[in-house]
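Undergrad: Sharing a structure, written as structure tokens. Questions coming.
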Amino acid sequence: MSPSLSNVPAEIAGIGSTQQKLRVSPGFDPLKATVLGPQEYFVLSRIDGLQTLRDVLLTTGLPVDRAISIVQRLRAIGALLIPGETAPPATATAPSSTPPPLAS
């Protein structure tokens, strides 16, 4: 069963309109982001600032709910910028490739 436009909501919590064209944050390095799995990386690779979020959700081939969940997660870790942003929101933390220090 292929995804249909009727399955894509007009708005996504924490992101906004699916008509927006999201961009990858210039400071985000997916190779250093140990929290990205193959599906997250795949969705991230589709975001180019030219396609609307709705188009990205539909072209991934993933179930729309799963693709939305991934986009929300990418936004939460600071990987995605919405139009007009130059930096991720303050609540987003860039993932680190180094673990926190152990308590003595």
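Undergrad: Specify whether the C-alpha gyration tensor of segment 17-95 places it in the rounded, prolate or oblate class, a ≥ b ≥ c being the square roots of the eigenvalues: rounded for a/c under 1.5, otherwise prolate if a/b is larger than b/c and oblate if not.
TA: oblate
Undergrad: Each residue of segment 69-75 in turn: what ³J(HN,Hα) in whole Hz from Karplus with 6.51, -1.76, 1.60 and θ = phi - 60°, glycine and Pro shown as x?
TA: 4, 5, 4, 4, 5, 4, 5
Undergrad: Under a point-charge model restricted to the Cβ atoms of Lys and Arg (+1) and Asp and Glu (-1), what is the dipole moment magnitude of segment 5-81 relative to its Cα centre, in debye to the nearest 20? It would help to have the intermediate numbers written out before the result.
TA: Working: 8 positive and 6 negative charges, 16 e Å.
Magnitude of the dipole: close to 80 debye.
Undergrad: Less than 9 Å Cβ to Cβ from residue 23, Lys/Arg counted +1 and Asp/Glu -1: what total charge do the surrounding residues give?
TA: -1
Undergrad: Continuing with this model, one more query. Once phi is turned into θ = phi - 60°, what whole-Hz ³J(HN,Hα) does the Karplus curve with 6.51, -1.76 and 1.60 give for every residue of segment 20-31, x standing for Gly and Pro?
TA: Result, rounded to whole Hz: 5, 10, 6, 10, 7, 4, x, x, 8, 10, x, 6.
Every read-out reported here was derived from the displayed coordinates using simple, explicitly stated rules and does not represent laboratory data. Please read all numbers here as calculations on a predicted model, not as lab measurements. Don't worry about glycine lacking a Cβ; one is built from the backbone with ideal geometry, like all the others, and counts go over all protein chains shown.
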